[in-house]
1. Within the bounds of the range 28-44, is there any residue that is in contact (Cβ under 8 Å) with a residue 12 or more places away in the chain, over 17 Å from Ala98 (Cα atoms) and more than 14 Å from the chain's Cα centre (by Cα)?
2. Pick out the one residue from Leu66, Leu17, Leu12, Leu53 that is more than 18 Å from Glu125 (Cβ to Cβ) and not hydroxyl-bearing (Ser, Thr, Tyr).
3. Among the residues of the range 56-65, what is the count of those that are part of a loop (DSSP other than H, G, I, E, B) and modelled with pLDDT of 95 or more?
4. Out of all the residues in the range 16-24, is one or more at pLDDT 95 or above, under 14 Å from the mean Cα position of the chain (by Cα) and farther than 23 Å from Ser3 by Cβ?
5. Just wondering, is there one or more residues in the range 68-78 that are at pLDDT 95 or above and part of a loop (DSSP other than H, G, I, E, B)?
6. Can you name the residue in the range 37-47 that is in contact with a Leu (Cβ under 8 Å, 6 or more places away or on another chain) and part of a strand (DSSP E or B) and is also surrounded by the fewest Cβ atoms within 10 Å (Cβ to Cβ) among such residues?
7. Using the structure shown, decide if Gly34 is of a type in the set (Gly, Ala, Ser), surrounded by fewer than 13 Cβ atoms within 10 Å (Cβ to Cβ) and either modelled with pLDDT under 90 or at negative phi (or both).
8. Among residues belonging to the range 103-128 that are among the charged types (D, E, K, R) and not in a loop (DSSP other than H, G, I, E, B), point out the one that is farthest from Gly22 (Cα to Cα).
Amino acid sequence: MSSTPWQLSVDLSARRLRVYRGGRQQRTFRAIVGKPSTPTPSGAFFIEENVRLPSGRVGAPFALALNARSSTLQEFDGGPGQIAIHGLGNVGGQIGTAESHGCIRLTTPEITWLANRIAPGTPVEVTP
């Protein structure tokens, strides 16, 4: 059994993702969250996988897939309605808004910083 010192906290109303290591806040990122018709689910989740995406894929350059699922989309882009923290590649959006299909989007430098540190099993708390 292994553990991680990392923890992520997403505040949907503030549209912010906070990164903690050993209980101490390391970074705060402004984010794009789900729009009212496709909200980001709240609750206690974890990172299932850390995926490097090709530059042509939606959400590039990285996606941190959560064990969270959309309450409104059973499938998305040919896959399950899985929620992820990912980049803006090929999807865009204005940071600090609620306009995604439920995923949490960060800028390329931010998702790259995060993906270089976060492994599967990292807890993610999403609050309304």
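The values are calculated or read from the model by the stated rules, or taken from the named source; none is laboratory data. Please read all numbers here as calculations on a predicted model, not as lab measurements. Neighbour counts run over all protein chains shown; Cβ positions are idealised from the backbone, glycine included.
1. no
2. On inspection, the qualifying residue turns out to be Leu53.
3. 1
4. yes
5. Checking the range 68-78: not a single residue is at pLDDT 95 or above and part of a loop (DSSP other than H, G, I, E, B).
6. That would be Phe46.
7. No; evaluated as a whole, the condition is false for this residue.
8. Filtering the range 103-128 down to residues among the charged types (D, E, K, R) leaves 105, 110, 117, 125.
Right, trim to not in a loop (DSSP other than H, G, I, E, B) and you get 105, 110, 125.
Numbers: Arg105: 24, Glu110: 20, Glu125: 15 Å.
My answer is Arg105.
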